[in-house]
Amino acid sequence: MSYEFTLIEGDGIGPEVTAATIRVLDAAGVDIQWRPVPTGAAAVESHGTPLPDETLRSVQQTRVALKGPITTPVGHGFTSVNVAIRQALDLYVSLRPVKSIPGVPTRHENVDLVVFRENTEGLYSGREHSPVDGVVETLRVITDRACRNITTWANEYVRNEGRRKLTLVHKASIMKLSDGLFLDAFHAVADNYPFVTHEARLVDDVVRGLVIDPSQYDCMVMENLYGDVLSDLCAGLVGGLGVVPGANIGDRFAVFEAVHGSAPDIAGKGIANPTALIHSGVLLLRHIGERRAAESVERALFTVLERGEVRTGDLGGTANTAQFTDAIIAELQQS
Ligand code: NAI
C-alpha cells in the first residue's frame, strides 16, 4: 500500500530531524510520498505568513502530517503557529507516551507513562489583553465538549492499549468552575469504562509524585497548560526533550511531531538528536495500521540507543544526526 502525507519541515533543527525520520520510515519499507508545505519562518519569506492556507488544506487532503518544530515569528498575527494548526484542524488530543529508553541512564528505571493533553483550549490558547496600563487579563476557556472529547479518547486508548489506570490532573480546589467542569466530565465519561481504574489528583501533588516515584502513575489526562508543563517534566524522567515523541490527533486529521522545539542553539550544525521525531514516526505508523513496520523501527531505534556506540551529544555521545540515523537504518536492514 502506498500513502501520501503532508510534510511540514519546520524551523531550526526541523529540516534535519524530519529528513532523518523520512529516511528511517523509507528504510522500514513503508511507501510514503511526502508533500512538503511551507510553514513557519521560512513561509514568511515565500508567502508572507507563517501559516499559509495551502498548509492546512494539504493536511485536510492527506489527513496525516509529519511535522518538525516551528518558531512563531513575531508580528505576523499568530501567538503560536503550532496552537493555530491544532485549533484549525481540531486536533484535540496531544498524545505523549513517555517511556524509559534502554541504555539511557536516568534516575528512575522502567518509566512508562502516557500524557493526554487537551490541545485546543485553556490558558495555552494565549488569549490575553491589557484593559488598562499595568494590567493584563488572560482568558481561560474550558468547555464540557472539549473535556469529554479528550477524556473519552484517553479512556479508549487505555482500554485498547491494555493500560491499567487513568488519572485526571486538575486544580479544582482553586479553579472550582473550570477545572470543576473537567472533573465532572471526567467522572461522567468514566462511568462508560468500568474496567479502567480512574482517579483524580491535584496537579501539584502529581508533579511531586512524578519526581519521587513515577511508577504510581500510568496514563494521565489534563488541561492544555498543565499538559505542556507536565510532559516536559516527564521528558526529563527519561532522558530529555530529544527523546520524547508526540502526536496531535483529532477525529479526522493527525499531525505527528516531537515534544521539543526548534532548538535554535544547535540548528544547522547537524548534531540534533532525531530520536523524538523518529519515535513520532513510529506513532504515525501505528496510527495508519502499519504495526509491523512501527515495531521494526522502534526496535531498531532502541537497539542502537541501548548499544550506546552511536549516540548524539545530548545523550553523551559524539555522533551527528546523519551517523545516528545511518546506524538505525543499518539495524533495520539487518533485522
Ligand atoms: P527547545 O526544545 O527548542 O530547546 C530546549 C533545549 O533542548 C535546547 O538546549 C536545545 O538545544 C535542546 N534540544 C531540543 N531538542 C533537541 C534535540 N532534538 N536534540 C538535541 N537537543 C535538543 O525549546 P526552546 O528553546 O524553548 O524553544 C525554541 C523554539 O521552538 C521557540 O521558538 C519555541 O516557540 C519553539 N517550540 C516549538 C514547538 C513545536 O513546534 N511543537 C514546541 C516547543 C517549542
**Asked** Is there any pair linking a residue in region 61-90 that is farther than 20 Å from residue 261 by Cα to one that is of a type in the set (S, T, N, Q) and part of a loop (DSSP other than H, G, I, E, B), with Cβ under 7 Å and at least six apart or on different chains, and which?
**Response** 90/120
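For (1) within 26 Å of residue 290 (Cβ to Cβ); (2) away from the ligand (no atom under 12 Å from the Cβ), each residue gets a yes or a no:
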{"residue": "5", "(1), (2)": "yes, yes"}
{"residue": "11", "(1), (2)": "no, no"}
{"residue": "40", "(1), (2)": "no, no"}
{"residue": "72", "(1), (2)": "no, no"}
{"residue": "77", "(1), (2)": "no, yes"}
**Complete:** Residue count, region 13-38, condition more than 14 Å from the ligand (Cβ to nearest atom) and out of contact with any Gly (no Cβ under 7 Å at 6 or more places or on another chain), comes to 15
**Message:** Residues to consider are 128, 118, 137; find the one that is surrounded by 14 or more Cβ atoms within 10 Å (Cβ to Cβ) and closer than 26 Å to residue 78 by Cβ.
**Reply:** 118
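Out of the residues in region 121-158 that are among the polar types (S, T, N, Q) and at pLDDT 95 or above, which is nearest to residue 185 (Cα to Cα)? Even if it seems obvious, please write down each step before you answer.
Within region 121-158, the subset among the polar types (S, T, N, Q) is 125, 130, 138, 143, 149, 151-152, 155.
Those left that are additionally at pLDDT 95 or above: 130, 138, 143, 149, 151-152, 155.
Working: 130: 32, 138: 24, 143: 10, 149: 9, 151: 8, 152: 9, 155: 12 Å.
Residue satisfying both the conditions and the ranking: 151.
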**Request:** Taking only region 46-69 into account, find how many residues are away from the ligand (no atom under 16 Å from the Cβ) and either small (Gly, Ala, Ser) or surrounded by 24 or more Cβ atoms within 10 Å (Cβ to Cβ) (or both).
**Result:** 3
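Taking region 208-251 on its own, how many of its residues are outside any helix (DSSP H, G or I) and more than 10 Å from the chain's Cα centre (by Cα)?
Number of matching residues: 13.
The values are calculated or read from the model by the stated rules, or taken from the named source; none is laboratory data. This is a predicted model, so every value here is computed, not measured. Cβ atoms come from the backbone with ideal geometry, glycine included; neighbour counts cover every protein chain shown.
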